[in-house]
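Enquirer: I have a structure here, written as structure tokens, and I will follow up with some questions on it.
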């Protein structure tokens, strides 16, 4: 069992292509730079790409654990800046929806981990698929990444609606990505907040925004985090501010990753 009680945060989105994984790797890089112990769980189990963004090639991944070939402790790797990564697999269709047995098996493996951590970032898939709901449903915090595109707003609302109605989640932090201005970001958040309040009687929180940054694509192509390549940019400063906000979030109710999975399975 780990010595500390990590803060478990699911980072999700209603649709793909909104910069969710890029946010995860950059905020993890910042948190490690301020001496926080971070584990990223690549929870997009069928289309994993955390390893791609870091430019690393894990030999083993979650598939090997679920097949009984490896233990979870054996597949965790250390990425840049000492970020710990639990890699998933890509192009493995059977992992796109874990069954009850696989979830219990994953829980059993999680309980054997002996890692001291401050924060666990769960990079989920997009949409309202079973795996996404599984990983989001019991996190202490859920960050939903949204852009100003109407499809992104509509799909983000759909994700929030399902988690609220079916899983009784009532805490959502909204991060607006690729905003052209602060005004555009807040107007985008406001549209989502109004709909959530009107139809779900739910108040969502504004985490902040990240500006549109053309060099993000360059960092992705270079397989480096943007914050490491352009540490003095306004984008990187906003990543740092968001990382500080995340770490300053109330720890009330935090119970570690074992509790995270037990709650998701309905054990507690």
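Enquirer: Pull out a ≥ b ≥ c, the square roots of the eigenvalues of the alpha-carbon gyration tensor of the stretch 15-133, then state rounded if a/c is under 1.5, prolate if not and a/b is larger than b/c, and oblate in the remaining case.
Expert: Since a/c reaches 1.5 but b/c is at least a/b, the shape of the stretch 15-133 is classed as oblate.
Enquirer: Who wins for biggest fluctuation among 227, 104, 128 in a Gaussian network model of the chain, springs between alpha carbons below 10 Å?
Expert: 104
Enquirer: Would you mind getting me the FRET efficiency between residue 116 and residue 248? Use the beta-carbon distance for r and R0 = 30 Å, nearest 0.05.
Expert: On the way: r = 20 Å, r/R0 = 0.68.
That pair, residue 116 with residue 248, gives E of 0.90.
Enquirer: For a footprinting-style exposure proxy, rank 215, 7, 64 by other Cβ within 10 Å, fewest first.
Expert: Taking fewest neighbouring Cβ atoms as first place, the list is 215, 64, 7.
Enquirer: Something else now. Assuming R0 = 30 Å, can you tell me the calculated FRET efficiency for the pair residue 151 and residue 201, based on Cβ-Cβ distance, to the nearest 0.05?
Expert: With a Förster radius of 30 Å, E is 0.75.
Enquirer: Mean separation of Cα pairs under 8 Å and 6+ residues apart, divided by the residue count of the chain: what relative contact order is that in percent?
Expert: For the chain, the relative contact order is 28 percent.
Enquirer: If you don't mind, there's one more thing I want to ask. What is the stretch 38-117's relative contact order, in percent, from Cα pairs under 8 angstrom and six or more apart in sequence?
Expert: 40 percent
Enquirer: Mind checking which of 200, 86, 159 has the largest fluctuation in a GNM of the chain, springs on alpha carbons under 10 Å?
Expert: 200
Enquirer: Determine the calculated [θ] at 222 nm for the chain from helices alone, applying -39500 (n - 2.57) to every DSSP H run no shorter than 4 residues and normalising by the residue count; nearest 500 deg cm²/dmol.
Expert: It comes out at -13000 deg cm²/dmol, rounded to the nearest 500.
Enquirer: Which residue, 193, 28, 88, has the most motion in a Gaussian network model of the chain that connects Cα atoms within less than 10 Å?
Expert: 193
Enquirer: Here's something else I'd like to know. Calculate the tail of P(r) for the stretch 137-236: the fraction of all Cα-Cα distances greater than 23 Å, expressed in %.
Expert: Looking at the stretch 137-236, the distances longer than 23 Å represent 34 percent of pairs.
Enquirer: Modelled label-to-label distance, residue 212 and residue 186, 7 Å Cα→beta-carbon offset: nm?
Expert: The two pseudo-label positions are separated by 2.0 nm.
Enquirer: Can you tell me the order of 33-40, 47-54 when each peptide is scored by its average per-residue count of other Cβ atoms within 10 angstrom, highest first? Working shown, then result.
Expert: On the way: 33-40: 17.6, 47-54: 19.9.
The peptides rank, most packed first, as 47-54, 33-40.
Readers should treat all values here as calculations from the given coordinates under stated rules, not as data from a laboratory. Since the structure is predicted, the reported quantities are computational estimates derived from the model, not experimental observations. No Cβ is skipped: glycine too gets one built from the backbone with ideal geometry, and neighbour counts run over all protein chains shown.
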